[in-house]
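Student: Sharing a structure with you now.
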Amino acid sequence: MAEWRTRAEITADVVFFKYASDQLESDAEELFIWDLDKTYLDTRFETLKGLYHTILEKAFQKRNVPGTGALVRALRNSWQESHLGRVDFPIYFITASPPQMEKKIHEKLNLDGIYPYGIFFKDNLKNLAPKRFWRLTHQIGFKLQALLQLRLHLGENVRQVLWGDDSESDAVIYNLYSDICARRHSERETRDILKSFRVVGNQMETILRIQNELPENDPVEKIYINLASDTDPEYYTKFGRRTLPSYNTFQTALDLFQDGRLTKEQVGRVAHDMRENFSYTRDELEKSLDDLARRAIIGKETVEDIMPFLKEQNLIYTDFELTCEPKPISSKVGKRVYELEGTYDPWVPDTVDYLHDYR
C-alpha cells in the first residue's frame, strides 16, 4: 500500500489529509478555503505534460499566484491577533493534484509560513486512460464532494470564506455548495443540475447522502474568484454580490480591508510583494483600485481611508485620482460591507441559472 494511503481519509477520488484535531475543526467559527491551483499556486496540469511537470517540481520551485503568499500570511496574522494570539489558523486547501504530491505541497505551504488544518487532493492518476482523460480537468463533482465532506467536520454555525478561479467553474461549485447546504433546490432539481455538469453515478449519490447529514443553513460568507482566464466579470453578476471576481490579489486585499479582515499595513505588504517579487507597476495597482470603484465594489469611505496610505507607501502616484466618484457604503453589519448606494443586485440570489453558461 502506498504510504500516503495510511495517513489519508479516502472516499472514491476525494483524498483528505487532516492536520488539525477534531476539536479545532468543530470549534472554528470562521474559516478560509482556498482552491490551490491557479488561485494560490500557479499550477498547470491541463495536459499530460503539465501534470508530469507539476509532479516533478520540488516544493521550493512551486510558484505562487502573485501576492497570494503575502495575502494568506496577512489573513493569518489578522486572525491570530483577533483571537488573542492563537498560533493556529483555520485554513483548508483543495487541489486536483494527485495525493502523491501531498508532502511537496504541504512543504511548500510551510515554506510560505502556512500550516493548514487540512488539504483535499484528487486521486487523478487513475484517470490517465484514454476513456477517462476528460476527468483530469473535470472538477465540479470532486470539489463539491470535498466541500461537503469538510462541512461534516465543522460546527453548525461556521462561516466560510472561499477562494477559487475562473478556469475550473469555481463560482458554480461554491454557489452550488451554498445552495445544497441551504436546501434551495429540491432533490430532483439538484440531480438535474449535477447531471448537467456530468456529476453522475456514485458521486451524485454521495453528494446527496452527505446533504442529508448536514445542518440546514448556508455557511458561505463570501466567495472570491481570481480571473486567471480573464473572464468578463459581468458574467458573475448572476451569482450575486457575495461572489467577487478580481483581476489580482491586490483587489482581493482591498475588499478584505473594506470588510475589516485586513489592516492598511497588511494591504501594503501584499502590494509590496506584488511589486517587488512579481513586477507589478504602480500603474497596474492604480488601475486595479479604479476598477473596484467603477464596479461599485469598494466604497467611498474605504477609498478615502486607504488612498493616502497607498500614496505614502509609494504604491500609487501622489497625483493619482479615480476616474469615477466611488459610491458611499449604505449597508454594513459589524465591519462587513454588504451594499453601496445605487447597487441593487442581490447579495445572494433566490435562484442561480446553472444550466446556461454565457461566458
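The values are calculated or read from the model by the stated rules, or taken from the named source; none is laboratory data. Just so it is clear, the structure is predicted and the values come from calculations on it, not from any experiment. Counting neighbours? That spans all protein chains shown, and the Cβs are built from the backbone with ideal geometry, glycine included.
Student: Among the residues of segment 136-173, which ones are under 13 Å from the mean Cα position of the chain (by Cα), under 16 Å from residue 196 (Cα atoms) and not basic (Lys, Arg)?
Tutor: First, the residues of segment 136-173 that are under 13 Å from the mean Cα position of the chain (by Cα): 143, 147, 160-173.
Filter again for under 16 Å from residue 196 (Cα atoms), leaving 143, 168-173.
Across segment 136-173, the qualifying residues are 168, 169, 170, 171, 172, 173.
Student: Which of the strands (runs of 3 or more DSSP E) found entirely inside segment 1-63 contain at least 3 residues meeting this: modelled with pLDDT of 85 or more and over 24 Å from residue 167 (Cα atoms)?
Tutor: It comes to 9-11.
Student: Report yes if residue 318 is loosely packed, with under 10 Cβ neighbours inside 10 Å and among the polar types (S, T, N, Q), otherwise no. Spell out the reasoning first.
Tutor: Values: loosely packed, with under 10 Cβ neighbours inside 10 Å: yes; among the polar types (S, T, N, Q): yes.
The answer is yes for residue 318.
Student: Every residue in segment 5-41 that is surrounded by 18 or more Cβ atoms within 10 Å (Cβ to Cβ) and among the basic types (Lys, Arg), please.
Tutor: Once the filter is applied, which keeps residues that are surrounded by 18 or more Cβ atoms within 10 Å (Cβ to Cβ) and among the basic types (Lys, Arg), segment 5-41 yields 18, 38.
Student: State all residues of segment 314-347 that are under 20 Å from residue 260 (Cβ atoms) and part of a loop (DSSP other than H, G, I, E, B); if no residue qualifies, say none.
Tutor: In the first step, residues of segment 314-347 are kept if they are under 20 Å from residue 260 (Cβ atoms); the result is 326-341, 343, 347.
Answer for segment 314-347, where residues must be under 20 Å from residue 260 (Cβ atoms) and part of a loop (DSSP other than H, G, I, E, B): 326, 327, 328, 334, 335, 341, 343, 347.
Student: Can you find even one residue in segment 225-236 that is crowded, with 19+ Cβ neighbours inside 10 Å and among the charged types (D, E, K, R)?
Tutor: no
Student: Given the condition in contact with a helix residue (DSSP H, G or I) (Cβ under 7 Å, 6 or more places away or on another chain), in a strand (DSSP E or B), within 13 Å of residue 67 (Cβ to Cβ) and of a type in the set (Gly, Ala, Ser), answer yes or no: does some residue in segment 244-264 qualify?
Tutor: Yes.
Student: Scanning for something under 29 Å from residue 12 (Cα atoms) and either in a helix (DSSP H, G or I) or over 21 Å from the mean Cα position of the chain (by Cα) (or both), does segment 216-226 turn up at least one residue?
Tutor: If we filter segment 216-226 for residues that are under 29 Å from residue 12 (Cα atoms), which is where we start, we get 216-226.
Next, from what is left, pick out any that are either in a helix (DSSP H, G or I) or over 21 Å from the mean Cα position of the chain (by Cα) (or both): 216.
The answer is yes, given that some residue of segment 216-226 is under 29 Å from residue 12 (Cα atoms) and either in a helix (DSSP H, G or I) or over 21 Å from the mean Cα position of the chain (by Cα) (or both).
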